[in-house]
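Just so it is clear, none of the values below were taken in a lab; they were calculated from the coordinates. Please read these numbers as outputs of a predicted model, since none were measured by experiment.
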Amino acid sequence: MKLKRIVALILLAAAVFICSVSAQDAGSKHPLWKVEGSGNSIYLLGSIHVLNRTNYPLATPILQAFGNSPIAVFETEMDKLEEPEAQQKIQSLAVLPPGKTLEGELSPAVFASFSNHVRDAGLPLAEFTQLKPFMAAMTLEVVELQKIGAQTEYGVDEFLLGRAHRLGKTVVPLETPDFQINLATGFNKQEGELLLKSTLRDIDNTKQLYGEMLRAWQTGDMAKLESMLNEGLHDVPVLFKKLVTDRTERWMPKIEELLKGDKQAIVIVGAGHLVGKQGLIELLKKKGWKITQL
C-alpha cells in the first residue's frame, strides 16, 4: 500500500464512505456551486477523495462545469506525491524516531482499542509498531475502506486531475506536497492520540453510515454533509482548526484572485472545506460574492 494514498486520505478532514450508486442517479442538486463576480465566475466542487468505480460517470452538471473551465484547482499536486523524493520523505516522516514505539505513544486504553481493531481487520500488529499514531490509524482506515470497495484511485480529485492533464488544462495547487506531507506526519503526541481515537470511532460506524453520506453528497444536501463529514473533528476543536478551518482560510486569497481574473476556473476540494459557518461557501458569501448551488 502506497503511503501517498494514505497522505491523501489523511487530508480529507472527514470520514469518507462509498456506495454502489451512480452519481447520474442523484437528485436535482449537486455538491457544486457557481461563484460570480462582476466580470468572472468560478465553480466550487466538493470532492469525495475515496469512491468506487461504480460511482462513475459523475453527474452531467459536474462534468460540464469541469469541461467549461480552462483552469482546474486542486488541494495539492497529487501526482507529485508519487515522485521518488516525495515518497522518501513520506517514508521517513511516517515512522517514529529510534527507540520509540506506537504503544509508548498511546495510553493503554487507546492502544488496546487500536490493537483490537487491527486484529479484527486480520492484520499483524507488528506492521504498525513503528508508525506514528495518525499514520497507523489512517493505514487501518484505508484497509477498512477497501473492504467495502472504496479506493483513492477512484476519488473525484484523482479522476479529474488525470482528466485535466489529458485535456491540457492549467492545473493550480492550493498547497504544496511538502505542506501536506508535513501536516500529515507532524502531529504531536497528544494530537496523534486524539486523531487515532476519532478514527477508530469512525471505523466502527463505517458500514452503517457510508451509504447515507454518499447520498447526501450526490444530492447536494449540505446540512447533512456538514453534520456527517466534520462531526468527529468538531469534538476536537484544536484539530478541526488545524486540519480544516486554517487551511480553508489560507485558500481564500487564491480563490478570490481567480474570481478577479479573466478565465473561468473550477476549484475542487474536499467537501468538508465547503460546508459549515467556516467553510468556503459562507466565507465567500460574507465577502459579497454571489453563490448559487447547481
Taking every pair of distinct Cα atoms and averaging 1/r, then inverting, what Kirkwood hydrodynamic radius in Å comes out for region 151-271?
16.8
Hz values of 3J(HN,Hα) by residue in region 38-43 - Karplus curve (6.51, -1.76, 1.60), Gly and Pro given as x:
6, x, 8, 9, 9, 10
Please grab the % of Cα pairs in the chain that end up more than 38 Å from each other.
10
Quick one: Debye curve from the C-alpha atoms of region 54-126, no solvent, what's log10 I(q)/I(0) at q = 0.12, 0.13, 0.21 Å⁻¹?
-0.71, -0.77, -0.99
Checking the table LYS80/LYS260; LYS80/LYS277; LYS80/LYS100; LYS169/LYS242; LYS29/LYS285 against a 26 Å threshold on Cα-Cα, which pairs fail?
LYS80/LYS260; LYS80/LYS277; LYS80/LYS100; LYS169/LYS242
Top of GLY46, GLY211, GLY99 by mean-square fluctuation, Gaussian network on the chain, Cα under 10 Å:
GLY99
Amide H contacts of LEU274 (H built 1.01 Å from N, under 5 Å, at least 5 apart or other chain):
LEU280
Helix hunt in the chain: which complete DSSP H runs extend at least 24 Å axially by C-alpha with mean Kyte-Doolittle at least -1.0?
189-218
